[in-house]
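What follows draws every value from the coordinates through simple rules; no lab data is involved. Small disclaimer: the values here were computed from a predicted structure and weren't measured. All Cβ positions, even for glycine, are placed from backbone atoms using ideal geometry, and neighbour counts span all protein chains on display.
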Amino acid sequence: MSSSVAIRVAGQSDKPTIIELVTRAKRLNEEFDPLLKLSPTVSRAVERYVEEALRSASSLLLVAEHEGRLVGVLKADLVDRLFYDPPHEGIIRELYVLPEFRRRGVARQLVFEASRILRERNAGIITAEFPSLHKIAVEFYEGMRFRPIFSKYAVEANKTDR
């Protein structure tokens, strides 16, 4: 299946479908933790997020296309690591593949291509962000030899008084 899926850099014409895919990714995140409850304005926020990614030289938006249909998306950013060496990091912030295309190598292809492009842009390390309780994502990235380097813990602000 993965051989019939083309990975390419996204263009402006892909924007509506990318918005749909990223929104689906955010809805999926909401299922993993109540602290990831979506805002009522999520649609507009995702639209702005995608528009900015398409304009920004420090962002990378890739799509997976099968027979003219976008079936996956990856968004990454190149950021400076102020305190660490290597000085540039490529962060995969979004990775979403439609359910019927999962477990067919599409996500792996997206990550490989993003890593290649980010290395060309001088990223010395590639990281991925996703909900901690998303066990499928943990297994996927660990299977690709990623390992945890930071943890982010959260508590609702009104629950810190005890």
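Suppose every Lys and Arg Cβ carries +1 and every Asp and Glu Cβ carries -1, with no other charges. What dipole size does the chain come out with about its Cα centre, to the nearest 20 debye? Intermediate results must be reported in sequence, preceding the final value.
Numbers: 26 positive and 23 negative charges, 41 e Å.
Computed charge dipole of the chain: roughly 200 debye.
What's the ranking of 63-69, 88-94 by average number of surrounding C-beta atoms within 10 Å, highest first? Walk me through the numbers on the way to the answer.
Values: 63-69: 15.3, 88-94: 19.9.
Averaged packing, sorted descending, gives the order 88-94, 63-69.
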Response to the item:
Where a ≥ b ≥ c are root eigenvalues of the Cα gyration tensor, a/c under 1.5 meaning rounded, otherwise prolate if a/b exceeds b/c and oblate otherwise, the range 2-159 counts as rounded
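Label the range 1-60 by shape, choosing from rounded, prolate and oblate, from the square roots a ≥ b ≥ c of the eigenvalues of the Cα gyration tensor; if a/c is under 1.5 it is rounded, and otherwise prolate applies when a/b is larger than b/c, oblate when it is not. Could you put the intermediate results ahead of the total?
Values: a/c = 2.34, a/b = 1.37, b/c = 1.71.
Since a/c reaches 1.5 but b/c is at least a/b, the shape of the range 1-60 is classed as oblate.
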Practice prompt. Grab the chain and count how many Lys pairs have their alpha-carbon atoms under 19 Å apart, sequence gap of 8 or more, or different chains.
Written response: 10
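Given R₀ = 25 Å, what would the calculated FRET efficiency be for ARG147 paired with LEU38, taking r from the Cβ atoms and rounding to 0.05?
Numbers: r = 29 Å, r/R0 = 1.17.
Calculated transfer efficiency: 0.30.
Tell me what the chain gives for mean residue ellipticity at 222 nm when only DSSP H runs of n ≥ 4 count, each as -39,500 (n - 2.57), the sum divided by the residue total, rounded to 500 deg cm²/dmol. Before the final figure, lay out the partial values.
Values: 4 runs with 56 residues, N = 162.
Taking each H run of at least 4 residues, the total per residue is -11000 deg cm²/dmol.
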Discussion item. Using just the Cα positions, wrap the range 71-126 in a convex hull and report its mean projected area in square nanometres, one decimal place.
Written reply: 3.7 nm²
